[in-house]
1. Considering the stretch 89-128, what Rg and Dmax in Å follow from its alpha-carbon atoms?
2. If you bin every alpha carbon distance in the chain into 10 Å steps from zero, what whole percent lands in each bin?
3. Would you mind ranking ILE126, ILE42 by Cβ crowding within 10 Å, fewest neighbours first?
4. Tell me, what is the percent relative contact order of the chain, built from C-alpha pairs under 8 Å that lie six or more residues apart?
5. Listing GLU29, GLU111 from the residue with the fewest other Cβ atoms within 10 Å to the one with the most, what is the order?
6. Per the helix-only calculation at 222 nm, which mean residue ellipticity applies to the chain, given -39500 (n - 2.57) for every DSSP H run of n ≥ 4 and division by its residues, nearest 500 deg cm²/dmol?
7. Just want the ordering: SER25, SER114, from fewest to most Cβ atoms lying within 10 Å of their own Cβ.
Amino acid sequence: MSTTTIRQIVRTDEDLCTGCGLCVSPCAEGAIVMVDGKAKVIREELCDGAGFCLGVCPTGALTLEYREAVPFDHDAAEAIVAEKQQNYIPQVCFRCGADEDHVPLLPVRQEGRSEWVCTRCLPTLIHG
């Protein structure tokens, strides 16, 4: 029997989820997959609760909640991250084109779109 704990984990509001799949890629651990056209956390032990998926969801269908779940499994997640690295394509800043291998990127909503922006372009985006 698995031990559970109260921890932060991603929750999907299926009524808001359009099935666009934008949340799958930011989940480095592979916890989120598309099932029957909806984003779902299928393996709770892979969801670290960091919420990188939240910023790219165009409908706000993803939220973080504290609830009872199995603990995060670092070893299982590490194996999946290593496997995903084989097909890794870095995200780029929508303003300057810098990629995440060279500058930190943050998810941002811009005119109804989910985008990535680098920390150099963020102040201009905020202050004009």
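Please treat every number below as a calculation from the coordinates, not as lab data. Only a predicted model underlies this, so the values are computations on that prediction, with no experimental measurement involved. Cβ sites come from the backbone with ideal geometry, for glycine too, and all protein chains shown count toward neighbours.
1. 9.5, 30
2. 13, 38, 35, 13, 1, 0
3. Sorted ascending by nearby Cβ count, the order is ILE126, ILE42.
4. Over the chain, the number comes to 25 percent.
5. With the fewest neighbours first, GLU29, GLU111 line up as GLU111, GLU29.
6. That calculation yields -4000 deg cm²/dmol at 222 nm.
7. SER25, SER114
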